[in-house]
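S.K.: Below is one structure. I have some questions about it.
The values are calculated or read from the model by the stated rules, or taken from the named source; none is laboratory data. Please read all numbers here as calculations on a predicted model, not as lab measurements. Methodologically, a virtual Cβ is constructed for each residue, glycine included, from the backbone with ideal geometry; neighbour enumeration extends over all protein chains shown.
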């Protein structure tokens, strides 16, 4: 078989181009384009170059970097040879250059490699051909593609051959060895079951969720995350991610848990009014850093949670009606996708991923850093009005009428709560059934006070609404910070008429006998309903209210899940389709799938198939079937 003239001229150019020259850059660009074209078309285009079939992409692990490296190569099979019938032969010609190609050295250092053929992907183990094998194989290679004879004439080294064979069955000891080897190459640490740090880092905020991973990888860099994803794939394991454990899903022994606390750090650009933060940074740290420059961060109602999980779920905070979902303010993500690749994602560079990461709840990758806009806001007028049980019905009806006319500078919510009898709480609240009206106003405080006056006139037992620094905005909701055994349900409403308020009070009011510790309504509208500059995967922005029920899952206690379902059933006549990702508690995939309309689910599935073809990631709550 002889090569075509064009193929021969390109090969000669590749072999003779001086490093750094225009010719060398051309060769590199053509090679990158070939790999990209092959990947994009599943091998349908780029599968042949001249008469030699380019049957595969080989992915090795860099000797020094530990990063995946992919090359398009010719392969040969000689099934008639005894002992080599199932072996794939690669030629380390490097176009006749003086040195062996990088992929050859990578494969010798890390023998487990991946081959992508047109119709399948193979996990193989590499070794160099022995002298005897080389003597048999080289004439067959040259007979099939005489370009390699030309390459051998151009170099003094003997061109080596790499042999790839199926990997032998893996044992539990192999897995432990590989996890140990992973730890040696990380900036962070690997914690195996039985170690104190494993239990500590795996613990979810909702302690009813079983999180028992094969290992916890406490990462400290994006490189660590990529290495963990690749190792998990080689072991046949999944990968989940966790920071504070809010929104955790069940994780078993078939999963490596990436813990992102080591991905911390927050850098504020006061002139641009932006922040770049590590994915493991807590909102409390971002609020403090922004406050030094008279700015505010688009945090949630509980600033003790991690930045990445909140933003990938859309992010509905105490300023939502003014600024919209916090994910609208994201400028860029650094992310490791399920194929082990590190990517910098913006609306311009990776528009599909940028769409999916804002609202897709991490189903497409593990975020390692994020950049977002800050707010030119040092203070707000905010806090809560607390009403006693006997006034809860009157106050809830009044709130429903009052919030219907609120301008977008106001964000408000209410919660029917059973306050535990904890020390330090005001006597008017401790151990009582109450209604709390939360309120945040971003304009003139005097105007906010006038706006709030109709509710203040109802006589709350406690009034905490005042001017407060944005760094203290978490005090408005005062969400619990300690881990709890919780059961949650959520939904959306299209309206809240008086009949809906009566229905809610009947099943969850102070006299209902509900076992729920809280039923919350958040008003949407305002900037939440506005069309964002860049569309995202966050659905149901046109709903009027969110509904969230929370109960304690304690032995012998009433079923909080059934009580939550009863609340949603009572409000069904006024409900809107779906839910929001950050409020879709529980581990039921069908419940989480309600967060997305059919078109969005289909697009997220397609993106998942593209960026995580082996389904390694179980970050967030996966919507793929």
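S.K.: Give segment 251-273 a look and list any residue that's loosely packed, with under 14 Cβ neighbours inside 10 Å, touching a strand residue (DSSP E or B) at 6+ places or on another chain (Cβ under 8 Å) and in contact (Cβ under 8 Å) with a residue 24 or more places away in the chain, or say none.
M.R.: If the condition is that a residue be loosely packed, with under 14 Cβ neighbours inside 10 Å, touching a strand residue (DSSP E or B) at 6+ places or on another chain (Cβ under 8 Å) and in contact (Cβ under 8 Å) with a residue 24 or more places away in the chain, then 254 is the only one that fits.
S.K.: Taking residue 587 and the conditions (1) surrounded by fewer than 16 Cβ atoms within 10 Å (Cβ to Cβ); (2) within 28 Å of residue 565 (Cα to Cα); (3) at pLDDT 80 or above, which numbered condition does it fall short on, given that it satisfies the others?
M.R.: With (1) surrounded by fewer than 16 Cβ atoms within 10 Å (Cβ to Cβ); (2) within 28 Å of residue 565 (Cα to Cα); (3) at pLDDT 80 or above applied to residue 587, the lone miss is (3).
S.K.: Among the residues of segment 573-586, how many are over 26 Å from residue 309 (Cα atoms) and touching a strand residue (DSSP E or B) at 6+ places or on another chain (Cβ under 9 Å)?
M.R.: 2
S.K.: I'd like the full set of residues that are more than 18 Å from residue 442 (Cα to Cα), in contact with a strand residue (DSSP E or B) (Cβ under 8 Å, 6 or more places away or on another chain) and not in a helix (DSSP H, G or I), limited to segment 304-324.
M.R.: Hits for segment 304-324 are 304, 305, 306.
S.K.: What's the number of the condition residue 142 fails, among (1) touching a helix residue (DSSP H, G or I) at 6+ places or on another chain (Cβ under 8 Å); (2) outside the structural domain of residue 113 (by the TED database); (3) without any contact (Cβ under 8 Å) to a residue 24 or more places away in the chain?
M.R.: (2)
S.K.: Is it the case that segment 492-500 has a residue that's touching a helix residue (DSSP H, G or I) at 6+ places or on another chain (Cβ under 9 Å), buried (at least 18 other Cβ atoms within 10 Å of the Cβ) and under 17 Å from residue 435 (Cα atoms)?
M.R.: Yes - at least one qualifying residue is present in segment 492-500.
S.K.: Among the residues of segment 532-548, is any under 16 Å from residue 504 (Cα atoms), outside any loop (DSSP other than H, G, I, E, B), under 24 Å from the mean Cα position of the chain (by Cα) and modelled with pLDDT of 95 or more?
M.R.: Yes - at least one qualifying residue is present in segment 532-548.
S.K.: Have a look at 328, 339, 334 and point out the one that is more than 12 Å from the chain's Cα centre (by Cα) and over 15 Å from residue 532 (Cα atoms).
M.R.: From the options 328, 339, 334, the qualifying one is 339.
S.K.: Has segment 489-510 got any residue that is assigned to a loop (DSSP other than H, G, I, E, B), more than 22 Å from residue 573 (Cβ to Cβ) and either out of contact with any strand residue (DSSP E or B) (no Cβ under 8 Å at 6 or more places or on another chain) or in contact (Cβ under 8 Å) with a residue 60 or more places away in the chain (or both)?
M.R.: There is at least one residue in segment 489-510 that is assigned to a loop (DSSP other than H, G, I, E, B), more than 22 Å from residue 573 (Cβ to Cβ) and either out of contact with any strand residue (DSSP E or B) (no Cβ under 8 Å at 6 or more places or on another chain) or in contact (Cβ under 8 Å) with a residue 60 or more places away in the chain (or both).
S.K.: While we're looking at this one, here's another question. Go through segment 93-110 and count every residue that is part of a loop (DSSP other than H, G, I, E, B) and either within 30 Å of the chain's Cα centre (by Cα) or more than 28 Å from residue 235 (Cβ to Cβ) (or both).
M.R.: Within segment 93-110, residues that are part of a loop (DSSP other than H, G, I, E, B) and either within 30 Å of the chain's Cα centre (by Cα) or more than 28 Å from residue 235 (Cβ to Cβ) (or both) number 6.
S.K.: Moving on. May I ask you to verify whether residue 459 is touching a residue at least 24 places away in the same chain (Cβ under 8 Å), exposed (fewer than 15 other Cβ atoms within 10 Å of the Cβ) and outside the structural domain of residue 244 (by the TED database)?
M.R.: Taking the combined requirement at face value, the residue satisfies it.
S.K.: Among (1) outside any helix (DSSP H, G or I); (2) touching a residue at least 24 places away in the same chain (Cβ under 8 Å); (3) out of contact with any strand residue (DSSP E or B) (no Cβ under 9 Å at 6 or more places or on another chain), which single condition is residue 380 missing?
M.R.: Unmet for residue 380, out of (1) outside any helix (DSSP H, G or I); (2) touching a residue at least 24 places away in the same chain (Cβ under 8 Å); (3) out of contact with any strand residue (DSSP E or B) (no Cβ under 9 Å at 6 or more places or on another chain): (3).
S.K.: Could you list all residues from segment 549-564 that are crowded, with 21+ Cβ neighbours inside 10 Å and either assigned to a loop (DSSP other than H, G, I, E, B) or touching a residue at least 60 places away in the same chain (Cβ under 8 Å) (or both)?
M.R.: 549, 550, 551, 560, 564
S.K.: Next question, about the same structure. Examine segment 174-181 for a residue that is exposed (fewer than 15 other Cβ atoms within 10 Å of the Cβ), over 29 Å from residue 63 (Cβ atoms) and not assigned by the TED database to the domain that holds residue 78, and state whether such a residue exists.
M.R.: The answer is no, given that none of the residues of segment 174-181 is exposed (fewer than 15 other Cβ atoms within 10 Å of the Cβ), over 29 Å from residue 63 (Cβ atoms) and not assigned by the TED database to the domain that holds residue 78.
S.K.: Among the residues that make up segment 136-151, is at least one of them closer than 29 Å to residue 65 by Cβ and surrounded by fewer than 20 Cβ atoms within 10 Å (Cβ to Cβ)?
M.R.: No, that holds for no residue.
S.K.: Can you name the condition, by its number, that residue 365 falls short on among (1) in contact with a strand residue (DSSP E or B) (Cβ under 9 Å, 6 or more places away or on another chain); (2) over 29 Å from residue 516 (Cα atoms); (3) modelled with pLDDT of 95 or more?
M.R.: Only one criterion in (1) in contact with a strand residue (DSSP E or B) (Cβ under 9 Å, 6 or more places away or on another chain); (2) over 29 Å from residue 516 (Cα atoms); (3) modelled with pLDDT of 95 or more is unmet by residue 365, namely (3).
S.K.: Among the residues of segment 419-433, are any buried (at least 19 other Cβ atoms within 10 Å of the Cβ) and closer than 24 Å to residue 528 by Cβ?
M.R.: no
S.K.: Can you pull out every residue in segment 182-226 that is touching a helix residue (DSSP H, G or I) at 6+ places or on another chain (Cβ under 8 Å) and assigned to a helix (DSSP H, G or I)?
M.R.: 182
S.K.: Further, regarding this structure: Which residue pairs have Cβ atoms under 8 Å apart, sit 6 or more places apart or on different chains, and have a first residue in segment 300-324 that is in contact (Cβ under 8 Å) with a residue 60 or more places away in the chain and in the same structural domain as residue 583 (by the TED database) and a second that is in a helix (DSSP H, G or I) and surrounded by fewer than 24 Cβ atoms within 10 Å (Cβ to Cβ)?
M.R.: Listed pairs, sorted by first residue: none to list.
S.K.: Please state which one of 423, 427, 408 is touching a helix residue (DSSP H, G or I) at 6+ places or on another chain (Cβ under 7 Å) and assigned to a loop (DSSP other than H, G, I, E, B).
M.R.: 408
S.K.: Now, a different point. Taking residue 416 as meeting all but one of (1) over 22 Å from residue 474 (Cα atoms); (2) in contact with a helix residue (DSSP H, G or I) (Cβ under 6 Å, 6 or more places away or on another chain), write down the number of the exception.
M.R.: (1)
S.K.: Is segment 611-622 home to any residue that is part of a helix (DSSP H, G or I) and either modelled with pLDDT of 90 or more or crowded, with 20+ Cβ neighbours inside 10 Å (or both)?
M.R.: Scanning segment 611-622 turns up at least one residue that is part of a helix (DSSP H, G or I) and either modelled with pLDDT of 90 or more or crowded, with 20+ Cβ neighbours inside 10 Å (or both).
S.K.: Limited to segment 430-465, what total is found for residues that are out of contact with any strand residue (DSSP E or B) (no Cβ under 6 Å at 6 or more places or on another chain) and more than 18 Å from residue 394 (Cβ to Cβ)?
M.R.: Looking only at that region, the number is 9.
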